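Down below is the structure, laid out as structure tokens.
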Amino acid sequence: MENKMFCYQCQETAGCTGCTQMGVCGKKPEVAAMQDLLIYVTRGLSAITTQLRAEGKDVSKDVNHMVTWNLFTTITNANFDKDAIVARIVETLDWKLTLLARVSHPEVLPEAALWAGNDPTGFAAKAAQVGVLATENEDIRSLRELITYGLKGLAAYSKHANALGQDDEAVDAFLQRALAATLDDSLTADELVALTLETGKYGVDGMALLDKANTTAYGNPEITKVNIGVRKNPGILVSGHDLRDLEMLLKQTEGAGVDVYTHSEMLPAHYYPAFKKYAHFAGNYGNAWWKQKEEFESFNGPILMTTNCIVPPKDSYKDRLYTTGAAGFPGCRHISGEAGAEKDFSELVAHAKRCAPPTEIETGEIIGGFAHNQVLALADQVIAAVKSGAIRKFVVMAGCDGRTKSRNYYTDFAKALPKDTVILTAGCAKYKYNKLNLGDINGIPRVLDAGQCNDSYSLAVIALKLKEAFGLDDINDLPIVYNIAWYEQKAVIVLLALLYLGVKNIHLGPTLPAFLSPNVVKVLVDTFGIAGIGTVEDDLVLFFGKDAAAGITGDMRIGDILRKYPDAAPILMDCGMHCLGCPSAQMESLHDACGVHGLDAEEVLLRLNASIQTNA
């Protein structure tokens with residue numbers, strides 16, 4: 001099986017073995033197998049609900065929520081708890097049995113809808129038959145997986161909206177119809193391509209639903225400076241994406257002498273007006289999800305994981321890690337409660353009071369809150385800057401961060417961008433550049449953070465409004481380029497949503513998704529201009545032309561820098577590099593040279609590129 005299929009658990013492992021070993025994500029084979037089986041029975045359940053709707057019969061919200069919760073449970077780095085996943089399988093089988101009795105024509109249903117799975121001891125054997133490698137045709141398998149990943153992302157949006165009392169029956173019905181269609185062997189590759197684009201259409205609808213849910217409950221995000229230092233009280237760190245969980249925790253910690261901090265994708269909670277009334281809502285601690293092992297260690301207090309993005313915890317803080325919702329990890333305490341239910345966080349609060357305050361790892365502030373409502377409030381200022389030439393282009397650098405070294409590309413790319421460009425971002429990819437001092441253009445920050453990956457809808461709304469404001473017929477005529485980092489399923493639904501809206505020439509990195517077959521890649525390239533990333537220098541020329549100030553990147557050798565940019569020499573010497581003439585020194589990369597001299601490579605790069613662009 002090796003190298004035949006890409007594993008949605010590991011994401012960046014191109015030679016995935018189909019989760020037959022514990023890999024990058026940390027999931028054990030038996031856990032991954034149960035996730036495969038949960039997807040299978042959820043497909044079967046969806047086939048039944050789709051048939052019920054075809055027969056004119058209703059499907060309850062409880063069943064809709066079951067489907068979205070199941071899919072969310074299988075998203076990358078969400079749930080590592082085999083027992084919890086098995087419990088979801090058993091509950092889903094019970095629902096299937098109940099709903100099957102209402103179907104008038106069960107003979108049209110696939111085997112997944114009819115499989116009873118009465119004995120959990122047989123789950124492992126069944127899982128081996130229904131995993132991602134079960135479909136032999138590479139192109140069909142690739143498209144089914146692309147649709148499934150998109151549906152998982154759509155389920156995540158729906159689940160968060162459900163928690164705030166918002167539902168869309170049309171979105172739920174499509175999600176289940178599309179999930180059932182991945183069982184249909186009669187569908188051709190062309191029909192699955194069409195279903196892929198339809199998934200993007202409903203992805204836009206799902207994003208709009210969640211945007212409505214969040215802004216109705218908490219107000220429209222507004223420009224906000226967020227403290228990244230610490231206070232003297234014990235703290236609770238909240239990670240993941242679920243704003244409803246954060247709201248309940250903030251209410252239950254009022255007056256308790258405990259501060260609440262956000263981590264990673266929860267950072268944008270600070271932008272919502274409703275959360276600003278809590279004096280103990282202290283700030284943001286740390287960076288992207290993959291750095292949590294060292295950051296959770298130094299936080300000292302309990303951590304609440306509300307959704308995906310769990311890294312298997314170290315023993316030193318495992319007793320401080322709590323999960324809730326669709327998240328789970330064996331050995332960590334779980335706070336129960338279905339979507340929208342009131343949860344009891346008293347155990348978490350009591351735990352925090354026994355802990356030392358967080359250890360400070362950085363100081364200062366970061367600015368965000370540039371969701372669509374806020375950006376459109378600045379529309380006249382933004383449009384004037386574009387028309388005057390002060391802003392040459394917007395660069396959408398949204399998506400997900402990851403641990404691989406290749407993702408340093410995004411930091412170097414942001415540093416080397418021409419100073420007349422503005423970055424539009426959402427998701428944790430922003431941690432590659434949101435703490436850099438990139439300045440502003442006529443008072444407009446050069447990094448406009450719209451929020452979580454869940455808030456990517458804002459980027460689409462902004463693009464559509466700019467298209468209208470400039471009187472353009474084609475969204476691709478806007479001065480916007482797309483250079484998106486992908487990692488997990490919600491990034492896939494964002495991509496499909498952009499394709500549905502007609503956006504072309506999107507670049508994905510650090511590599512194109514490995515689960516796409518060569519033929520499917522060709523369709524995406526030929527139809528939509530999808531491409532990967534190259535070097536920072538080459539991509540800047542591609543996006544901005546040969547006259548672009550490509551700038552200096554950390555992996556460039558000192559000798560190459562000096563030959564291309566002679567004015568860099570005095571800056572490097574002023575920073576403390578006095579051995580520039582040494583042949584061995586000229587062979588070092590800038591990153592390595594800064595390490596040898598004890599210099600901050602990011603600060604050196606900013607100085608170098610600022611000077612280059614000033615003199616360009």
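The values are calculated or read from the model by the stated rules, or taken from the named source; none is laboratory data. In this text, all values refer to a predicted model and were calculated from it rather than measured experimentally. A quick note on method: Cβ atoms are made from the backbone with ideal geometry, for glycine too, and the neighbour counts reach across all protein chains shown.
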### Summary
VAL349 meets each of (1) touching a strand residue (DSSP E or B) at 6+ places or on another chain (Cβ under 7 Å); (2) outside the structural domain of ASP477 (by TED's automatic domain parsing) with one exception, condition (1)
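Restricting to segment 269-301, what's the tally of residues that are in a helix (DSSP H, G or I) and not charged (D, E, K, R)?
Step one: of segment 269-301, the residues in a helix (DSSP H, G or I) are 269-271, 273-277, 289-299.
So of that shortlist, the ones also not charged (D, E, K, R) come out as 269-271, 273-275, 289-290, 292, 296, 298-299.
Count: 12.
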### Query
Taking segment 315-341 on its own, how many of its residues are surrounded by fewer than 19 Cβ atoms within 10 Å (Cβ to Cβ) and at pLDDT below 95?
4
### Query
When segment 447-471 is examined, which residues are found to be farther than 27 Å from LEU243 by Cβ and not small (Gly, Ala, Ser)?
LEU466, LYS467, GLU468, PHE470
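Between THR359, THR363, which is in contact with a Ser or Thr (Cβ under 6 Å, 6 or more places away or on another chain) and polar (S, T, N, Q)? Write out each step before concluding.
Working: THR363 fails: in contact with a Ser or Thr (Cβ under 6 Å, 6 or more places away or on another chain).
THR359 is the lone residue from the list that is in contact with a Ser or Thr (Cβ under 6 Å, 6 or more places away or on another chain) and polar (S, T, N, Q).
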### Task
For segment 40-73, enumerate the residues that are surrounded by 19 or more Cβ atoms within 10 Å (Cβ to Cβ) and of a type in the set (S, T, N, Q).
THR42, SER46, THR49, THR50, GLN51, ASN64, THR68, ASN70, THR73
### Query
Which condition does LEU304 not pass, out of (1) in a loop (DSSP other than H, G, I, E, B); (2) at pLDDT 95 or above; (3) among the aliphatic types (A, V, I, L, M), if it passes all the others?
(1)
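Among the residues of segment 199-219, what is the count of those that are β-branched (Val, Ile, Thr), over 18 Å from the mean Cα position of the chain (by Cα) and either within 24 Å of ALA180 (Cα to Cα) or surrounded by 24 or more Cβ atoms within 10 Å (Cβ to Cβ) (or both)? It would help to see each step written out before you state the result.
Taking segment 199-219 as the starting set, the residues that turn out to be β-branched (Val, Ile, Thr) are 199, 204, 215-216.
With the extra rule that they be over 18 Å from the mean Cα position of the chain (by Cα), the set shrinks to 215-216.
Pick out the ones that are also either within 24 Å of ALA180 (Cα to Cα) or surrounded by 24 or more Cβ atoms within 10 Å (Cβ to Cβ) (or both) and you get none.
Total satisfying the criteria: 0.
In the list ALA610, ALA568, which residue meets the criterion of being surrounded by 17 or more Cβ atoms within 10 Å (Cβ to Cβ), over 19 Å from SER406 (Cα atoms) and either modelled with pLDDT under 85 or of a type in the set (Phe, Trp, Tyr) (or both)? Break it down stepwise before answering.
Numbers: ALA568 fails: either modelled with pLDDT under 85 or of a type in the set (Phe, Trp, Tyr) (or both).
Sole residue among the options that is surrounded by 17 or more Cβ atoms within 10 Å (Cβ to Cβ), over 19 Å from SER406 (Cα atoms) and either modelled with pLDDT under 85 or of a type in the set (Phe, Trp, Tyr) (or both): ALA610.
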### Task
Could you list, in sequence order, all residues of segment 271-300 that are of a type outside the set (Gly, Ala, Ser), crowded, with 23+ Cβ neighbours inside 10 Å and more than 15 Å from VAL230 (Cβ to Cβ)?
TYR271, TYR272, TRP289, GLN292
### Query
When HIS280 is evaluated against the numbered criteria (1) under 30 Å from ARG141 (Cα atoms); (2) outside the structural domain of LEU146 (by TED's automatic domain parsing), which criterion, by number, is the only one it fails?
(1)
### Query
Does VAL536 fit the bill of being exposed (fewer than 15 other Cβ atoms within 10 Å of the Cβ) and either assigned by TED's automatic domain parsing to the domain that holds THR148 or modelled with pLDDT of 90 or more (or both)?
no
### Query
If we scan segment 369-382, do we find a residue that is surrounded by fewer than 23 Cβ atoms within 10 Å (Cβ to Cβ), of a type in the set (A, V, I, L, M, F, W, C) and within 26 Å of LYS232 (Cβ to Cβ)?
no
### Query
Counting only residues that are out of contact with any Lys or Arg (no Cβ under 7 Å at 6 or more places or on another chain) and either touching a residue at least 60 places away in the same chain (Cβ under 8 Å) or of a type in the set (Val, Ile, Thr) (or both), which one in segment 556-573 is farthest from SER584 (Cα to Cα)?
ILE561
### Message
Contact list please: Cβ distance under 7 Å, first residue in segment 236-250 and over 20 Å from ALA288 (Cβ atoms) and not assigned by TED's automatic domain parsing to the domain that holds ALA155, second residue part of a helix (DSSP H, G or I) and at pLDDT 95 or above, pairs at least six apart or on different chains.
### Response
ARG244/ALA163; LEU250/PHE275
## Note on the structure
Residue pairs within 7 Å by beta carbon, gap of at least six or interchain, first lying in segment 141-152 and assigned by TED's automatic domain parsing to the domain that holds GLU191 and over 15 Å from ASP184 (Cα atoms), second crowded, with 24+ Cβ neighbours inside 10 Å and of a type in the set (Ser, Thr, Tyr), listed first then second, are TYR149/TYR8; GLY150/THR199; LEU151/THR199; LYS152/THR74
### Task
Name every residue in segment 251-268 that is of a type in the set (S, T, N, Q) and either part of a strand (DSSP E or B) or outside the structural domain of GLY337 (by TED's automatic domain parsing) (or both), in order of residue number.
THR262
## Note on the structure
Given the conditions (1) modelled with pLDDT of 90 or more; (2) assigned by TED's automatic domain parsing to the domain that holds CYS400, every one holds for PRO513 apart from (1)
### Message
Any residue at all in segment 424-446 that's crowded, with 20+ Cβ neighbours inside 10 Å, within 17 Å of the chain's Cα centre (by Cα) and on the phi > 0 side of the Ramachandran plot?
### Response
yes
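For segment 576-615, give me the residue count where each residue is part of a loop (DSSP other than H, G, I, E, B) and in contact with a strand residue (DSSP E or B) (Cβ under 9 Å, 6 or more places away or on another chain).
Taking segment 576-615 first, the residues part of a loop (DSSP other than H, G, I, E, B) are 576-582, 587-588, 597-600.
Then keep just the ones that are in contact with a strand residue (DSSP E or B) (Cβ under 9 Å, 6 or more places away or on another chain); that gives 587-588.
Summing the residues that are part of a loop (DSSP other than H, G, I, E, B) and in contact with a strand residue (DSSP E or B) (Cβ under 9 Å, 6 or more places away or on another chain) in segment 576-615 gives 2.
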